[in-house]
Amino acid sequence: MATSKIKTIKATLRKAIDYIINPAKTDNGRLIFSHGCSVETADIEMQLTAKRGTGRGDRIAYHLMQSFSPEDEITPEKALELGIEFARKVTGGNHEFVITTHIDKDHIHNHIIFNSVDYVNHRKYHSDKKDKYRIRDINDEICLENNLSVLPKYDAKRKTKYENTHKNEELGWRKKLKTALDSAIRTSATFDDFLLAMELEGYEIKTGKHISFRAPGQKRFIRSKSIGEDYIEEAIRKRIENGEKDITPETEPITEHAAEADAISHQKTKTISKEKRTFFQKRINLLVDISKNIKAQQSKGYEQALVRSNINTLVKTMNFLIEHKLTTSDDFQVYDEGKRAEYSLCRKDIKMIENELLDLSEKIKFTQNYKKNASVFYESKRTGDAEFIQSHEEQIILFKASEIYFKRKQLNPKELNLSEMFERYKELKAEKSVLQKRGSSIKRELNELETIEKNIADALNLDIGKKEEHQQNDAFYKENER
């Protein structure tokens, strides 16, 4: 199974680089690649970049490892290619890194050492407990795209936002209710949807002059108006109707102790875009098997809430089929395959742009170093003054590293125009942003298609992917034409 892990380097950077570029492990140095630096002077270049860093800390660099299963059919060359993609996605492509593929074990694996500071904005790489999950997600995505095995999905170690919010027992019932209300308002298209969302969160609801809520295990109901003016029934209805999902910073805090937390929360709050609101309103959930739901067996109110939720889900499922004129199983399959092909092409376009950005950012860096330090280098050669050379050692090293790069790439630095490269870089970033938005939209629809397919199969106890059952399934689609 493909695995990944990361550790910090606080000293002996040169020693770490020498270990990973060992010729005995890298097919006599054939399986080595560097970005933003020359292998020969990588440690010095990284340290010079780190000196310009805006962050603090004693982490010089990071050592990232990527291993592949012995059972996977992967060549060393392909492993190196995937390792470069892995390093680029983890670092964003703006950190110097050296990557090598080791073939001395029974399994092929990559070693990546990257600078703790990026060479574009000179910002520190932020690594925390969540970073290992992000890195693993990136590695899993790359491996799955290339038909390589990955480890089973983790679950116990990563908490959901809801669990993290409710983990601290010091949070009062009001604080929990405020969080639940905001979440329900954010994802609801109507007030009825909002009530259903609150019921599905486990809240009992009491209506009347004032709407009140009681969480599981809570003794008394809490009036939503006691949280603030933005939570009275009229205000909730207005927020849902107008799409104003987030409250303003002027909202009065729930308690004195929560004031500081609320202030921070308000500062981070952003208005949800029209596109996201539409997505939340039209999102199709999976049908729930009420007969196997434990909470439904324990609570009649919760059972009724699930029934309403399933009805709403089936209505949305049928509306989608009608809207896209999917009247037969074949229509659905063709539409689904078309979307998958469109997503695949979009991903390929993004990868091409990312590779060009990677090459361009490196070329810009070395061109800048070459032009900035050329006069110092040639002056040192002309004079041969040891004192001058010593006092300008860093500039001379950067110039020599640039020369190595241009020789390797067979480029003439005097013919390169920095202004044109910066303009091209800006254009590529804009193109990538457009493609990523398009890709995200297609991906959401593909996930929705999977949900719809499962809902139809669960509703009719059929598998619409099987051709021999298409005739039976078509009856469901044709219902939508009536």
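Tell me, please, whether a residue that is among the β-branched types (V, I, T), in a helix (DSSP H, G or I) and modelled with pLDDT of 95 or more can be found in region 399-408. No. Screening D474, D463 for residues that are within 17 Å of F332 (Cβ to Cβ) and either part of a loop (DSSP other than H, G, I, E, B) or modelled with pLDDT of 95 or more (or both) leaves exactly one candidate, D463.
The rows are residues; the columns are (1) surrounded by fewer than 17 Cβ atoms within 10 Å (Cβ to Cβ); (2) over 22 Å from H35 (Cβ atoms); (3) in contact with a Gly (Cβ under 8 Å, 6 or more places away or on another chain).
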| position | (1), (2), (3) |
| --- | --- |
| H392 | no, yes, no |
| K409 | yes, no, no |
| K426 | yes, no, no |
| K429 | yes, no, no |
| K432 | no, no, no |
| S440 | yes, yes, no |
| R444 | yes, yes, no |
| E450 | yes, yes, no |
| E453 | no, yes, yes |
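Scanning region 73-86 for residues that are part of a loop (DSSP other than H, G, I, E, B) and surrounded by fewer than 17 Cβ atoms within 10 Å (Cβ to Cβ) yields E73, T75.
When region 227-243 is examined, which residues are found to be within 19 Å of T190 (Cα to Cα) and either at pLDDT below 60 or in contact with a Ser or Thr (Cβ under 6 Å, 6 or more places away or on another chain) (or both)? Across region 227-243, the qualifying residues are D230, Y231, I240.
Residues checked against (1) surrounded by fewer than 21 Cβ atoms within 10 Å (Cβ to Cβ); (2) over 30 Å from Q368 (Cα atoms):
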| residue | (1), (2) |
| --- | --- |
| A11 | yes, no |
| T26 | yes, yes |
| G53 | yes, no |
| P70 | yes, yes |
| V98 | no, no |
| H109 | yes, yes |
| V117 | no, no |
| V120 | yes, no |
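Checking each residue in region 110-136 for being of a type in the set (V, I, T), within 16 Å of F86 (Cα to Cα) and not in a strand (DSSP E or B) picks out only I135.
Only a single criterion out of (1) part of a strand (DSSP E or B); (2) closer than 30 Å to K153 by Cβ is not satisfied by V98, namely (2). H63 fulfils the conditions (1) over 27 Å from L360 (Cα atoms); (2) modelled with pLDDT of 90 or more; (3) surrounded by 14 or more Cβ atoms within 10 Å (Cβ to Cβ) except for a single criterion, (1). Take N139 and tell me if it is part of a loop (DSSP other than H, G, I, E, B) and either without any contact (Cβ under 8 Å) to a residue 40 or more places away in the chain or crowded, with 23+ Cβ neighbours inside 10 Å (or both). Here the answer is no, as N139 does not meet what is asked. Summed over region 87-96, the residues that are touching a helix residue (DSSP H, G or I) at 6+ places or on another chain (Cβ under 8 Å), over 21 Å from L398 (Cβ atoms) and open to solvent by less than 30 Å² (accessible area, probe 1.4 Å) give a count of 2.
Filter region 185-216 down to the residues that are of a type in the set (G, A, S) and under 19 Å from E303 (Cβ atoms), then identify the one that is modelled with the lowest pLDDT.
Going through region 185-216, the residues of a type in the set (G, A, S) turn out to be 188-189, 197, 202, 208, 212, 215.
Keeping just the survivors that are under 19 Å from E303 (Cβ atoms) gives 197, 202, 215.
Numbers: A197: 80, G202: 77, A215: 86.
For region 185-216, the residue satisfying everything is G202.
Taking region 319-341 as the range and being in contact (Cβ under 8 Å) with a residue 60 or more places away in the chain and either of a type in the set (S, T, Y) or open to solvent by less than 60 Å² (accessible area, probe 1.4 Å) (or both) as the test, the residues that pass are F320, L321, L326, T327, T328, S329, D331, F332, Q333, Y335, D336, K339.
The values are calculated or read from the model by the stated rules, or taken from the named source; none is laboratory data. Just so it is clear, the model here is predicted, and its values are computed rather than measured. Because the Cβ atoms are built from the backbone with ideal geometry, glycine has one as well, and the counts that use them run over all protein chains shown. SASA here: full protein model, heavy atoms, side chains in, ligands and nucleic acids out. Shrake-Rupley method; radii C 1.70, N 1.55, O 1.52, S 1.80 Å.
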